[in-house]
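K.L.:
Mind looking over this structure? Questions follow.
None of the figures in this text is laboratory data; all of them are computed from the coordinates on show. The shown structure was predicted, so the numbers you read here are calculated from the model rather than taken from an experiment. Cβ placement follows ideal geometry from the backbone for every residue including glycine, while neighbour counts extend to all protein chains displayed.
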């Protein structure tokens, strides 16, 4: 009877998943993030998985991201009263259904009177985040759970068969031996995997960029926007810079590139960005803040002085968006730089790959697709272009030999 109930499915519409447990940071470099249950105790199964993840070369940021996915899974299992080691495919299926029909708590921070979830911003043409979980979030959660159960299966500490279906219907990792010089072949999605929209990189319009600079109130903020827009650095890379990582004389900055185990790589930066950067350093000196070469480069503007965090960085851009009526993100500036470089005939695609630090040239090639705004403008130009006048038929006649061949001599 219990098996038939699992096959039929439980009542997910009335399921209450409480926000029990949390993810906390530790001072242990071998396990910087841990998952706590509702009683505040560490979950040993999660600790073992995250340690294995870090031992394979993943970063602390990846550890944090995977920990939140595990926390969501453990909360769901607590709501349905199933232990993680007894979870079956039915629980995975219901977990996906619950994610598809639930509201993402991260969207609860939306203030009253804000734009409707999923609506398109008139200035940027970019859609606001929808209220529920995105298909990419669900697929990422399934990938994390698949890795979690595979590690425990291999070590003998979990079920012998993973409850998470493989990523592809043929089994194994999807595109495991793909040649980066060839296009990806179409394939069937794995069981419970969501259909993800093909999102095009969207550049921030020039008038919006101008309004962003106009609305900024400090040299630090202008230096940040200038650095993001001219270097293509990611937010974590920019916040991880030290004072010694900025080299105005060389026109470059050094950042810890994602996925390279903390190795620093050089990024170009524009003279305008370094100009704002020099004013920012003078601004800090006037306030009595003179960080050393190995100290963080970006600091808060209020006492007590603290290194700038991602939360504060995002709040800065949110205030700018409120003033100018836009919805850009810091990563949008990275897309903007890439599209600008590709549009420059003097910059090759390989050069753009080097600047963006893409591992595969096919990733950079994805920016070659025409932008919707450009296509729409060209089509409207086609509609309004004057049509050529029809040519007169005066003086035109059939060839007598052609008429004779068709109708005969008569």
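K.L.:
Go ahead and set up a Gaussian network model of the chain, Cα springs under 10 Å, then flag whichever of 385, 107, 369 fluctuates most.
P.N.:
385
K.L.:
When only Cα pairs under 8 Å and 6 or more residues apart are kept, what is the percent relative contact order across region 206-366?
P.N.:
Details: 196 pairs, mean separation 43.2, N = 161.
RCO, region 206-366: 27 percent.
K.L.:
Build a GNM of the chain with springs between Cα atoms under 10 Å: which of 247, 382, 219 gets the top mean-square fluctuation?
P.N.:
382
K.L.:
Run the quick spin-label model on residue 215 and residue 312: label points 7 Å from Cα toward the beta carbon, then report their separation in nm to one decimal.
P.N.:
2.1 nm
K.L.:
Further question on the same structure: Counting helices only, and only those DSSP H runs with n ≥ 4, report the 222 nm mean residue ellipticity of the chain as the sum of -39,500 (n - 2.57) divided by its residues, in deg cm²/dmol to the nearest 500.
P.N.:
-13500 deg cm²/dmol
K.L.:
So for 221, 409, 322, 294, fewest C-beta neighbours within 10 Å to most, what's the order?
P.N.:
Numbers: 221 21, 409 6, 322 13, 294 9.
Ascending Cβ contact count within 10 Å gives the list 409, 294, 322, 221.
K.L.:
Okay, moving on. Sort 34, 320 so the one with the fewest other Cβ atoms within 10 Å of its own Cβ comes first. Could the numbers behind the result be given before it?
P.N.:
Details: 34 18, 320 21.
Fewest-to-most Cβ neighbours within 10 Å comes out as 34, 320.
K.L.:
A further question follows. Treat each spin label as a single point 7 Å out from the Cα along the C-beta direction, and report the residue 85 to residue 207 distance in nm.
P.N.:
Those two pseudo-labels are separated by 6.3 nm.
K.L.:
Quote to one decimal, in nm, the extra length available between residue 329 and residue 247 on full extension: 0.36 nm per residue of separation minus the C-alpha distance between them. Write down the numbers at each step before the final one.
P.N.:
Numbers: separation 82, 0.36 × 82 = 29.52 nm, distance 2.58 nm.
Here the answer is 26.9 nm.
K.L.:
So, one more: Sorted from largest down, give the three principal axis spans of the alpha carbons of region 206-366, whole angstrom values.
P.N.:
Extents along the principal axes, in whole Å: 46, 37, 27.
K.L.:
A further question on this structure: Note the full-extension length gain between residue 409 and residue 103 as 0.36 nm times their separation in residues minus their Cα-Cα distance, in nm to one decimal.
P.N.:
On the way: separation 306, 0.36 × 306 = 110.16 nm, distance 8.35 nm.
Full extension of this stretch gives 101.8 nm more.
K.L.:
What residues of region 299-337 lie in the reach of a label at residue 61, counting those whose backbone N is under 20 Å from a point 7 Å from the Cα along Cα→Cβ?
P.N.:
Within reach of a label on residue 61: 299-300, 307-318, 328-337.
K.L.:
Can you sort 12, 239 from fewest to most other Cβ atoms within 10 Å of each residue's own Cβ?
P.N.:
On the way: 12 16, 239 19.
In order of increasing Cβ crowding within 10 Å: 12, 239.
K.L.:
On to the next question. Of the DSSP beta bridges with both residues in the chain, give the percent that are antiparallel, rounding to the nearest 5. Before the final figure, lay out each step's value.
P.N.:
Working: 17 of 17 bridges.
Bridges in the chain that DSSP calls antiparallel: roughly 100 percent.
K.L.:
Distance in nm between label sites at residue 385 and residue 68, each 7 Å beyond Cα in the beta-carbon direction?
P.N.:
4.8 nm
K.L.:
Select one label from (i) 22.2; (ii) 25.6; (iii) 24.3: the one whose number is Kirkwood radius over Cα pairs in Å as derived from the coordinates shown.
P.N.:
Matching the structure shown: (ii).
K.L.:
Extent of region 332-397 along each principal axis, from alpha carbon coordinates, in Å, largest to smallest?
P.N.:
Principal-axis extents of the Cα atoms in region 332-397, largest first: 65, 25, 19 Å.
K.L.:
Additional query: Test of understanding: express the Cα radius of gyration of region 30-166 as a ratio to 2.2 N^0.38 Å, with N the residue count. Write out the running numbers ahead of the final one.
P.N.:
Working: Rg = 16.9 Å, N = 137, 2.2 N^0.38 = 14.3 Å.
Taking N as the residue count of region 30-166, the ratio is 1.18.
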